[in-house]
Structures are given as structure tokens and as C-alpha cells.
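*Asks:* Have a look at this one.
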Amino acid sequence: MVIAMRMLDKKLVRDLVRMWAQVLAIALVLASGVTTLVLSVGAYQSLEETRRAYYERYRFADVFANLTRAPKRLETQIAGIEGVGAVEMRVAKAAVLDIADFSPPVTGLVLSLPDDGQVRLNRPYIRSGRLPEAQSSLEAAVNEAFAKAHGLKIGSQFGAILNGRKRQLTVTGILLSPEFIYAIGPGDLVPDDKRFAVIWMSQGALEEIFDLDGAFNSISVQLLLGASQEGVIERIDQILKRYGGAGAFAREDQTSHAFLDAELQQLRAMSRVLPPIFLFVTAFLINMTLTRLIALEREQIGLFKALGYGRYEIAGHYVKLVLAIAAIGIVIGFGLGTYFGQGLTWLYQEFFHFPFLVFRRDPSIYLIAAGLSFSAAVLGALRAVAAVVALSPAVAMQPPVPPRYRQLWTERLGLFRHFSQLTMISLRHIIRWPVRAALTTLGVSLAGALLIVSLFSFDSVEHMIDVSFFLSQRQDATLSLADERHVRAVQAAGNLPGVMRVEPFRSILVRMRNGQYEKKLPIQGMPADPALLRLMDTALQPVSLPEGGLVVDKRVAELLHLRLGDVVEVEILGGWRGAERAVEIPGVRGANIGDAAKPLARGPRGLVNVAVADIVESYFGLSAYMNLPALNRLMDEGNVISGVHLSYDKAQENALFEKIKATPAVASIGLRGVSVAKFRETIEKNITTMVTIYVGLAVVVAFGVIYNSARIQLSEQGRELASLRVLGFTKAEVSRVLFVELGLLVIAAQPLAWVLGYGFAWLMIKGFASDLYRIPLVVNASTYAWASLVVLSSAIVSALVVRRRIDQLDLIAVLKTRE
Amino acid sequence: MPSLHVTKPGGAAGEGVIFSGRNLTKIYRTGELEVRALNGVDLDLFEGEMLVLLGPSGSGKSTLLNILGGLDRPTSGSVIFKGHNLTRLSESELTAYRREHVGFVFQFYNLIPSLTARENVGLVTEIASNPMRPEEALELVGLGPRLNHFPSQLSGGEQQRVAIARAIAKRPEVLLCDEPTGALDSKTGILVLEALVAVNRELATTTAVITHNRAIKDIAQRVAFFADGKIIRVEENERQLDPADIEW
């Protein structure tokens, strides 16, 4: 028996060698699945593990809150909240920086470090240099990305406008912080390391500079294990309410953390959508190839049985063959997945700033990948192997019953009358094996779908840019003020050099509640018919802000389950100073609201009920909008604004920038042109990498399916084709029989590919959507065309490879053998 | 050794030589082994004649037929078909030659399973320059009523007759049959032979039939005996027997 098994194994090895091209094609498809799984899960685990280790070692806080000003003695009160482990109070202020040889103003976030040297939470990692001296108002440490972007070294100097006064600061240290793994400026969509800085200075010095002696305006809290985050947040909000608390928030809402989460979410989406496609195609290819192999080896199987081999031994032989193919794919996939996974993790270094990287190589993911692959392979082999088990040796030694063909009902109607007999051979072959034809079509269409899934992101992002940066945002710059100012500031802004148009806005932080759903977000007050920052409805038409009522973006409407006309409860956060009395604000009158045009009244403690007057499209962040005068009446804090949007004459840009840098009231500045360029650059770099990988994978699938189909057809029809050659048909005519069939299947696969591609794209987008950004589902006609073009090209290449074999058909052998 | 260039007896129409093979040698090399499948064969075929090539398997008759049919090339020697040297034709010229001039009938029929009887014949009539209608060809072999059947619905004998109809439908100058009854029982075999004889008579197609079955030699006008890659003798039958009258 031992020797017998060895003989079968020898056959197995020789079979693998003989069928190497088909084996490789299948193994590569499987390898693609394993690669995507190992890559995405590996990168996911590495990224998550790195983040976890970083957070733990550098004590990243769990809860954060910003406020206007509170005395430090609150510390004991907050530390006493049940579940709070550690508290850190600090000064956090925005500042405009002036960097030598860099014209645009830079937005800086200035953070205090305790003067006792005991940083309790959000500890910075010192890449080089040291922390600033206690009480020094001239020393600062900066974040590494910013230092790199401007070539700042220890000892370099830069200007900063701190509380209206420009100071020259000296760099003492270059730092990384768990709070700024993803360092993004206020209002920016992607990081711009040249225009956003994190600056650490002595707490004592900052208290003095910002008139916060013995006070703080930012707090971080670490929770004890098992503490109720909700409870702590609620308690902090209560304590900070009278100090202008803007609402405490957890890590999920911390910008850097949220962006990392979004990335992790994408990796997870990738690991769930892609590998199943490859596993399915693998199972199908194995089924197709093994069925054919077993048909060819029918007599051998009969002989084995006649010689006394058990049916399960023979079945086991074929299962082993399939497992061997899978093993090849798994090994390739492990190698590529590990390699690319590491590459991807390194790539993350460019966007996510970690002091170290933890490569997580959890063996379980390899086990899972191998398990899934072997299962898919065996599943694919099941039917063919069952046929081996069932085959009786006497029957097996007989030639198989010739395939039965029949005329199609369409032929009886005379529809195919004009086709040549060669074309009829192709058509009847498809119809004789409809399941196989359907699966081949499906396999090819999956390749096309993969391409659409990767290519459509260009369309969607372009659409996003068009709508956000050209249709909606038309300002050149947005100035945010350090404190709210009277609306007169608009005139001052208008007088800045080169300014052509000014549009004010006021931004207040609120918590919106609709039944059980609630969300913290800003309400932007703006002119009724803005020209610079326009709102677009879901049909992308500009929207006018009604006299009263709220306009929310689609994401907010979805999250809070709001429809037009619904009334939502709004709680004003961040130190509302208005009087608690009812005010009348014109309601929104509209068909959907009916007679509910009752005055919208403000309740106690800054609680108001506002009707949803419109829903607008928005791809970034979460936002709600109100008519500025209405918002100001609602707030009852006077006619104030928190910033302006500007359009200006580019020729005077430098003068404008110089002036802004010297304007103490400005806390930060956003530049649309720079944002668009940076956004495009970042996204396109990401997408290009992804598209390259996907195109490779799609070509592997297309080639795997088409090449295997062609080889199997050739094996089945080789005799027929050789007979045709003998009858005087040319090589080209004979090849046509095969290629018409393949061509029809490939063409039929295209519309299916488009539909599937659209579906997968939809799934991906659903998986990617977050409060930070949503990608609109836009697939241009050219994307469908490109996807089809790549698939058709792969098909042609596969056909040419097989054509060589048709040309080499042995004409004489075919005359002497029966099927 | 008797002359093989004998004039066809019986004075039938079309006295000309259609094939003229001279000193044909075919050597197959498989690794170390050298097999002389043909070893200096001379043979003429005359227009309209019925020739049987008789010999045991491996004696070289199929090799000769393949060379005559343009499926294979001799290692040395020449084959002249109506003044054209087949050994000098290119691959595509040989394809055109098969397409226009030769009809083949094989032991295992080699029908296209996905085409009906009529369509299998139509396969050839579509590409021939002066074909008969497929129905006509099938009528000639007695299969008029089974036009729309697929090969899987036909018996072995019927399938072989479809193959004959397919071979003759283009009105070839020469019909080459390699063991046409080899896969059939004698009763069915006779039906097939009758079809071949009928075609030979009615269309005056030069017909060469390979067989190892001695009984079949009696339906021919001439019989070439093969052994060890050579024609050892050629006999002329005084009388062609009707296939129904032979026995095996």
C-alpha cells in the first residue's frame, strides 16, 4: 500500500508539472485572494497594534474638552469623578505663524506643557532636542512633520503671533505626539505639513501670554478600566458648563484618532470585499479544470479501480492535487501579502506619524487565509471528485457517452439561419454547457468589476473636488477669528489688500438630538444667498437659506434620522451667554411643514427646537447651517461673527498675507487653492498605488479564467478542431471556433461586469463612509470602457497563447484515436 | 517485381494518372528509435478508380494515405497530384489542397458532435467551390431521412455514412478512406462500403480505401499489398464484387 500510494503521488507530481500553466493560472488567482487578505489584515493589525502601543506608552487621553476659561482648582473636582484615572489641564490656543521664506500664513496649535516636567497625558515623544524650559516664552518644541516640511532644526527660529503679539520662538525640540498621529489643520481636508504646526511651550509662559493665570482652557482625561465614558463626559459637561465648556468628547471624535479609524475601517472593508471574489473564482477554476482532467483520465481511473485501488484512495489523489495547487497559491500569497503589507504599513508613515512601527504578524491570519483557501479549493473540487467516487470501473473503461446536443428553439424559428456551421459549433457548445458558460462569464465579469471598483475612485474624487471646491466653495481664503467679533469686522476684512468680496460666518458648536439619536456638530450661520460658500442641494443646485429653520447636510440627516420638516432639539455648547427667555424667530413655512409654522422658541439652558428646512449635499465633515441673522437672534449674544470668507486679487496675495500675519484677531487661515492641490496630490497618490495593485489583480483573474476556459475547450474540442483542419479549414478558421465562443462569453461578461462593478463600488463606499468624509458614487462611462478594454486585452492575450496550441494540433493522431 | 505503373484495366472513363508517388520514404524518429514507415514506395492512382490498400497494421498504408491527403510530408521522394508536387507545397497550400481536392473518411468518423448530419456536410459545402447540396450528398449515402439528427442520435454505420457524404459533397477528385469499416460490425460495414462504391460509380471519384480486412479487397479494381513499409505487389481484380456479396 505504501508503494502504491507513492506511485499515485508520482503521478500527482507529474500531473502538476504537465499542467503547469493552468496550475499557475489558478494558483495566482488564489494567491491574489491570499495576498489581499494577508495584506489588508496584516496592515490593519500592524496599524492598530502600533497605535495601541503608542497610545499606551505615551498615555493618550480618553476624553477631551475645550472651554473658555476655568480655574485650575477644578482639577480635584474632575479627578474625583467616578472612573477618572488622570487629568491634565492645559492651555490650547490657535496662532498664526510667520515662517521665513514662506509667504502664506501658517496655522499653529499652541499647547502647554506642565512646568514641573511631569506630562501626565498625551506625552510627546522627543525625536530630538529637549522640551522647552519652564517659564520660557521664547522657546518652543514643534511637531516633526512641520519641522521637516520647513527644514527647521534645533535652534531654528520662527515668528508666532501669540495673543496679538508677535514673538520670535526658538526650536528646542522636535516632537511626535499620540494626539497628532494624523496632523491636520482646522478646516483642512488632508494634512498640509507646511501650513499646520503643533507647538509646545511652557505652561507658565502660555498662561501669562494668554492671560490665563491659574486657569486652563483645555482638559484631557484618562479613564480607569471599566469606567463609563458616557457618564464621565456628562459629568465633565456639567462641571464645565459655566466655564464655556464646548462639550467633552471621546477619542472617536478626536480628529487624529478619527482619521486613523477611517483608514482602519477602509482596510477592513478591503479585507471583506476582495478576498471572497478571488476565492470564488478559484473554486470555479478548480471545478472546471478538475472536471476536465477527470474526464480525460476516466479510463485510468477505471484501471486503478480494476487494479484494486479503493475509490476513496483515488478520490484522495485528486483532492491532493487540488490541495497542492492551493498550497502553491497560498505560499505565493503569503509572500506577496507579507511583503505588500509591510510596504503599505511603511507607506502609512507618510500620513500617520508614529515614533515606531509594530509589525504585527499574527499567525492566525495566515491560518485563516490558508484555511479559507484550502476550503475554497476543496469546495471547487467536490463535484468532480464525487464523480470519481461514483464511477464504476466497467463503465470507466468504456468510452464516455458522446455529448448530446440539441437544436435550440431559436434555431427552429430560423434565427441562426445565416450563421456558418463553424459559428453554430461555438453557439451549440455554449448552450450544451450553460452552467460552465455562465460561470466563465461571471468569472470574467468579476475581473471587470474589480477594475471598475478601483478606477471609479478617480471619478468619485474628481466629482467630490468639483462639487466641494468649485461649485460650493468659491472663496480664496477663510479667516477664523480668535474670538467672536462684531459684524463690523466684515468691513475691516474688506479693507485688507486685494480683497474683492467678504462673506461673514458664525460657527457655534451644538449637540443635536432627535429622539435617541444625537450628534455634536457646528452650526454655521451665513448670509441667505452666499456667493462664496454656497450650499448645494442633493441635485447640486444652489440653496438659499430660509429666514429661520435649519439646513443640514445629508450625512447629518441620515445619522439623526431627520427628514424635511422634522423638528430637532439643539443644545448650544461652549459657554452660551444669551439670556434665557423665549424669542420668536420666523419659522419655515413649506408644504412639508404644513401649519407647523409656529414660532421656534428657545427653552431653558440654551435648548432650542429648530425645524429642518432643507437637506444639502456635503462630502466632508458634519455640518448644519442657518441664516446668520436668525442664528444671532437665536443666540441672543449680539450681532457677531466668528470668521470671514474672502475672495481676493492674486496679484496682491503677498501683501494680503503679510497683513493677515500682522492681524492679531486672526487665529487661523485656510486657503482653498492650497487645500485642493494638497487634497488632489494626497488622494491621487493613494489611488494610483491602489489602482496599480487592482489592475494587476484583475488581469490575473481575467487571464486565469479566460486562459483556463480556452485550454479546457481546446482539450475537449481538440479532436473536432483537428478534424476540421484535416477537412481543409485553415488554422485561422479553426481557431475562430474557439474564439467565437470565448469572445461571446467575454462580451456577455461586460454588462455584467459593469453592474457588478457598480455594486461593489457601492459596497466599498458604504464601507468607507465616515463622519469625516463620504465618497460619492460616481462612475464615468470612460471607467466602464477602460475596465472592459483591460479585460478584452487580457482575453486577446490568453487567446493568442492558446492559438499557438491550436496551430500545433496533431492532425494525424486525431484520425487514429477515438474520443 | 511487377511493374506498379499499370494502366487501369477495364477501360473506364478518365484514363489519366491523378496521383503519382515516386520513391516515397517516411522515417519517424522518436528519441533513439528510427522507424521507417515507408521505404521507397512507388504508386500511381488513376482517375475514377477504386483502389484498396491492404496490409497489416504498421505496414505503412496509413502513412501513404496521409501523404497523399496532404496531412504529412514524405522524408524523401515525390508525390505529383495533377502536375503539382505536393511535397513542395506550403502549409497553407496543403490546407487549400485538402479543402478543394480531397475527401477524407476516417475510422472513427470524426463528425462534429454539435452539428446535425446536414450541418456536418454543410461544414464542407460552405467552403468548397462547386459543392452539391448537403441533402443531395446525404441522399447518395441513403441518409435522406436522418438529415436533422445529431451524431449522438445516429448509429455507427449512419455516422460513417454522414462522414462519407461530408467527404464527397465538395465533389473531390479523390476520396481517401482510412479503415472506414474498422469500427463497425460486418452488416453495418457493408452498408458503408456500398455507399463508397456507389459514390465511386456515380461520381467517378478516385477512391483509395485502406483496410487490413482481406475480404474488402474484392470490391476494388486494384489492390496494393503492403508489408514493412513497402508495396509488395499490386493485383487487379478481374471482377469487382458488390459489397453485399463479400463476407467477413
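The values are calculated or read from the model by the stated rules, or taken from the named source; none is laboratory data. Remember, predicted model here, so these are calculated numbers, not experimental data. Virtual Cβ from ideal backbone geometry, glycine too; neighbours counted across all protein chains shown.
*Asks:* Going by the structure shown, is A:Ala710 closer than 30 Å to A:Met424 by Cβ and at pLDDT 90 or above?
*Replies:* For A:Ala710, the condition - closer than 30 Å to A:Met424 by Cβ and at pLDDT 90 or above - is not met.
*Asks:* Do any helices (runs of 4 or more DSSP H) entirely within region A:227-335 hold 3 or more residues that are at pLDDT 85 or above and either outside the structural domain of A:Leu442 (by TED's automatic domain parsing) or within 30 Å of A:Ala381 (Cβ to Cβ) (or both), and if so, which? Lay out the reasoning, then the answer.
*Replies:* Numbers: elements: A:229-240, A:255-296, A:298-307.
Output list reads A:229-240, A:255-296.
*Asks:* Which of (1) in contact with a Cys (Cβ under 7 Å, 6 or more places away or on another chain); (2) more than 14 Å from chain A (Cβ to nearest Cβ) does B:Gly142 not meet, given it meets every other one?
*Replies:* Among (1) in contact with a Cys (Cβ under 7 Å, 6 or more places away or on another chain); (2) more than 14 Å from chain A (Cβ to nearest Cβ), the lone unmet condition for B:Gly142 is (1).
*Asks:* What helices (runs of 4 or more DSSP H) completely inside region A:727-819 contain at least 2 residues that are away from every other protein chain (no Cβ under 14 Å) and among the small types (Gly, Ala, Ser)?
*Replies:* Fully inside region A:727-819 and qualifying: A:731-768, A:781-807.
*Asks:* Could you please let me know if A:Leu509 is under 28 Å from the mean Cα position of the chain (by Cα), modelled with pLDDT under 90, over 20 Å from A:Gly638 (Cα atoms) and crowded, with 16+ Cβ neighbours inside 10 Å?
*Replies:* No.
*Asks:* Only one of (1) in a helix (DSSP H, G or I); (2) of a type in the set (D, E, K, R); (3) in contact with an Asp or Glu (Cβ under 9 Å, 6 or more places away or on another chain) fails for A:Arg360. Which number is that?
*Replies:* Checking A:Arg360 against (1) in a helix (DSSP H, G or I); (2) of a type in the set (D, E, K, R); (3) in contact with an Asp or Glu (Cβ under 9 Å, 6 or more places away or on another chain), the one that fails is (1).
*Asks:* Within the set of pairs 6 or more residues apart or between chains, which connect a residue that is more than 14 Å from every other protein chain (Cβ to nearest Cβ) inside region B:48-73 to a residue that is basic (Lys, Arg) and part of a helix (DSSP H, G or I) with Cβ atoms less than 7 Å apart?
*Replies:* B:Val52/B:Lys217; B:Leu53/B:Lys61; B:Leu54/B:Arg214; B:Leu54/B:Lys217; B:Gly55/B:Lys61
*Asks:* Checking A:Gln22 against (1) crowded, with 18+ Cβ neighbours inside 10 Å; (2) farther than 30 Å from A:Arg292 by Cβ; (3) modelled with pLDDT under 90: exactly one of these is not met. Which one?
*Replies:* (2)
*Asks:* In this structure, is B:His212 surrounded by fewer than 23 Cβ atoms within 10 Å (Cβ to Cβ), over 19 Å from B:Gly103 (Cβ atoms) and within 11 Å of chain A (Cβ to nearest Cβ)?
*Replies:* Taking the combined requirement at face value, the residue does not satisfy it.
*Asks:* Sticking with this structure for a sec: Please determine whether any residue of region B:156-168 is in contact with a helix residue (DSSP H, G or I) (Cβ under 6 Å, 6 or more places away or on another chain), among the polar types (S, T, N, Q) and away from chain A (no Cβ under 11 Å).
*Replies:* Yes, region B:156-168 contains a residue that is in contact with a helix residue (DSSP H, G or I) (Cβ under 6 Å, 6 or more places away or on another chain), among the polar types (S, T, N, Q) and away from chain A (no Cβ under 11 Å).
*Asks:* I'd like to check something: does region A:697-713 contain any residue that is away from chain B (no Cβ under 14 Å) and surrounded by fewer than 18 Cβ atoms within 10 Å (Cβ to Cβ)? Even if it seems obvious, please write down each step before you answer.
*Replies:* Looking only at region A:697-713, we keep the residues that are away from chain B (no Cβ under 14 Å), and these are A:697-712.
Now narrow it down to the ones that are surrounded by fewer than 18 Cβ atoms within 10 Å (Cβ to Cβ): none.
No, the conditions are met nowhere in region A:697-713.
*Asks:* Being touching a Leu at 6+ places or on another chain (Cβ under 7 Å), among the hydrophobic types (A, V, I, L, M, F, W, C) and not in a helix (DSSP H, G or I), is that true of even one residue in region A:176-194?
*Replies:* Yes: one or more hits.
*Asks:* So how many residues does region B:152-174 have that are in a helix (DSSP H, G or I) and more than 27 Å from B:Ala96 (Cα to Cα)? Lay out the reasoning, then the answer.
*Replies:* Within region B:152-174, the first condition is being in a helix (DSSP H, G or I), and the residues that meet it are B:152-153, B:156-168.
Then drop every residue that is not more than 27 Å from B:Ala96 (Cα to Cα), which leaves B:152-153, B:156-158.
Of the residues in that region, 5 qualify.
*Asks:* While we're looking at this one, here's another question. When you check A:Leu656 against the structure, is it modelled with pLDDT under 90, in contact with a strand residue (DSSP E or B) (Cβ under 9 Å, 6 or more places away or on another chain) and not in a strand (DSSP E or B), yes or no?
*Replies:* no
*Asks:* Of all residues in region A:365-385, count the ones that are at pLDDT below 90 and loosely packed, with under 13 Cβ neighbours inside 10 Å.
*Replies:* Adding up the residues that qualify gives 1.
*Asks:* For region A:274-308, give me the residue count where each residue is surrounded by 18 or more Cβ atoms within 10 Å (Cβ to Cβ) and closer than 16 Å to A:Leu763 by Cα.
*Replies:* So the answer is 3.
*Asks:* Taking only region A:301-340 into account, find how many residues are touching a Ser or Thr at 6+ places or on another chain (Cβ under 7 Å) and closer than 27 Å to A:Asp261 by Cα.
*Replies:* Of the residues in region A:301-340, 4 are touching a Ser or Thr at 6+ places or on another chain (Cβ under 7 Å) and closer than 27 Å to A:Asp261 by Cα.
*Asks:* Mind checking which residues of region B:81-99 are crowded, with 20+ Cβ neighbours inside 10 Å, within 16 Å of the chain's Cα centre (by Cα) and more than 7 Å from chain A (Cβ to nearest Cβ)?
*Replies:* Within region B:81-99, B:Phe81 is the sole residue that qualifies.
*Asks:* Cβ contacts < 9 Å: first residue more than 7 Å from chain A (Cβ to nearest Cβ) and on the phi > 0 side of the Ramachandran plot, restricted to region B:100-128; second residue aliphatic (A, V, I, L, M) and assigned to a loop (DSSP other than H, G, I, E, B), any location; separation 6+ or different chain. Result?
*Replies:* Final answer for the pair search is B:Tyr109/B:Ala183.
*Asks:* Now for a separate question. In the set B:Pro180, B:Pro131, which member is surrounded by fewer than 22 Cβ atoms within 10 Å (Cβ to Cβ), modelled with pLDDT of 90 or more and within 13 Å of chain A (Cβ to nearest Cβ)?
*Replies:* On the way: B:Pro180 fails: surrounded by fewer than 22 Cβ atoms within 10 Å (Cβ to Cβ).
So the residue among B:Pro180, B:Pro131 that is surrounded by fewer than 22 Cβ atoms within 10 Å (Cβ to Cβ), modelled with pLDDT of 90 or more and within 13 Å of chain A (Cβ to nearest Cβ) is B:Pro131.
*Asks:* What about A:Gly743, is it surrounded by fewer than 17 Cβ atoms within 10 Å (Cβ to Cβ), in the same structural domain as A:Glu462 (by TED's automatic domain parsing), modelled with pLDDT of 90 or more and not hydrophobic (A, V, I, L, M, F, W, C)?
*Replies:* So A:Gly743 passes the test.
*Asks:* Give the number of residues within region A:85-103 that are buried (at least 20 other Cβ atoms within 10 Å of the Cβ) and not charged (D, E, K, R).
*Replies:* Matching residues across region A:85-103 total 7.
*Asks:* Something else about it: Considering only region A:680-693, I want to know if a residue exists there that is at negative phi, part of a helix (DSSP H, G or I) and crowded, with 21+ Cβ neighbours inside 10 Å. Before you say what the answer is, go through the steps one by one.
*Replies:* First pass over region A:680-693, keeping only residues at negative phi: A:680-693.
Those still in the list that are part of a helix (DSSP H, G or I) too: A:680-693.
If we keep only those that are crowded, with 21+ Cβ neighbours inside 10 Å as well, we get none.
No, every residue in region A:680-693 fails to be at negative phi, part of a helix (DSSP H, G or I) and crowded, with 21+ Cβ neighbours inside 10 Å.
*Asks:* Looking at A:Pro530, A:Pro504 in this structure, which one is part of a strand (DSSP E or B), within 21 Å of A:Val640 (Cα to Cα) and not aliphatic (A, V, I, L, M)?
*Replies:* A:Pro504
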